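Here's the structure we're looking at; comments come further down.
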Amino acid sequence: SSADGRVYLWGFLVQQSGDSAPIYHEFSRFDDLDDSAEAALAADAFTWLRSVVETAPSVAVYHYSGYEIAKISELAHREPDELLDWAAAYAEEHFVDLLEIVKAHYFGVSGLGLKLMARHVGFSWRDDDPGGLNSQLWFAEAVHGATAEVRAQARRRVLEYNEDDVTATNQVRAWLRAQ
């Protein structure tokens with residue numbers, strides 16, 4: 001999300017059964033968003049998610065912290081939209097918060113955040129300084145950077161960071177399953 005709390009990017013890493021490599025899907029808008037644009041972007045993401053849910057035998061969405069469910073619920077309460085209502089209900093029922101699982105079984109002197117846990121299981125981000133607050137700065141630069149090149153570079157950085165975050169979540173999940 002941006003510094004003003006608007007969700008400008010929904011990213012999903014789809015792991016098919018079998019040995020196929022996971023596929024990253026992202027839905028993003030690199031603009032200053034208002035309520036309507038934020039809801040429209042969410043609708044794009046959840047239209048896609050619902051199509052996956054309706055065509056797959058079983059789907060669970062793994063995430064790390066309660067932020068995603070809270071934002072989906074907030075959007076559904078704010079915007080009168082059947083799709084967002086569906087997304088909020090689906091998130092409550094089928095999203096799995098790995099942070100809650102980690103907290104129930106582990107103690108971390110320095111915390112149990114995704115960056116720490118993912119590094120513990122051997123994952124590393126492409127960016128030298130990954131972090132949610134940094135991504136907000138990169139988003140601002142992607143929208144308001146001085147040149148088209150600066151904006152494009154910042155967009156790539158944000159998208160790579162998000163892809164790394166969902167990949168890290170997947171690796172923490174794999175590690176937890178192996179324990």
message: Just to be sure before I move on: is E68 among the acidic types (D, E), under 17 Å from V166 (Cβ atoms) and part of a helix (DSSP H, G or I) in the structure I sent?
response: yes
Restricted to the range 18-48 and to residues being assigned to a loop (DSSP other than H, G, I, E, B) and charged (D, E, K, R), the residue surrounded by the most Cβ atoms within 10 Å (Cβ to Cβ) is R29
Discussion item. For the range 30-46, check the following and say yes or no: at least one residue is touching a Leu at 6+ places or on another chain (Cβ under 6 Å), free of Cβ contacts under 8 Å to residues at least 40 places away in the same chain and more than 17 Å from A87 (Cα to Cα).
Written reply: no
Going through (1) at pLDDT below 95; (2) assigned to a helix (DSSP H, G or I) one by one, F107 fails only at (2)
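For every residue, the table says whether it meets (1) among the charged types (D, E, K, R); (2) in a helix (DSSP H, G or I).
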position	(1), (2)
D85	yes, yes
L112	no, no
R155	yes, yes
V166	no, yes
When every residue in the range 62-105 that is closer than 19 Å to L9 by Cα and of a type in the set (K, R) is compared, the one farthest from the chain's Cα centre (by Cα) is R78
Filtering the range 136-179 down to residues that are among the charged types (D, E, K, R) and either farther than 18 Å from G5 by Cα or touching a residue at least 24 places away in the same chain (Cβ under 8 Å) (or both) yields E149, R151, R155, R156, R157, E160, E163, D164, D165, R173, R177
Over the range 148-179, the set of residues in contact with a helix residue (DSSP H, G or I) (Cβ under 7 Å, 6 or more places away or on another chain) and either at pLDDT below 95 or open to solvent by 40 Å² or more (accessible area, probe 1.4 Å) (or both) is V150, R151, R155, R157, Q171, R173
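The values are calculated or read from the model by the stated rules, or taken from the named source; none is laboratory data. All of these numbers come straight from a predicted model, not from anything done at the bench. Cβ atoms come from the backbone with ideal geometry, glycine included; neighbour counts cover every protein chain shown. Only protein heavy atoms, including side chains, enter the accessible area calculation; ligands, DNA and RNA are left aside. Shrake-Rupley method; radii C 1.70, N 1.55, O 1.52, S 1.80 Å.
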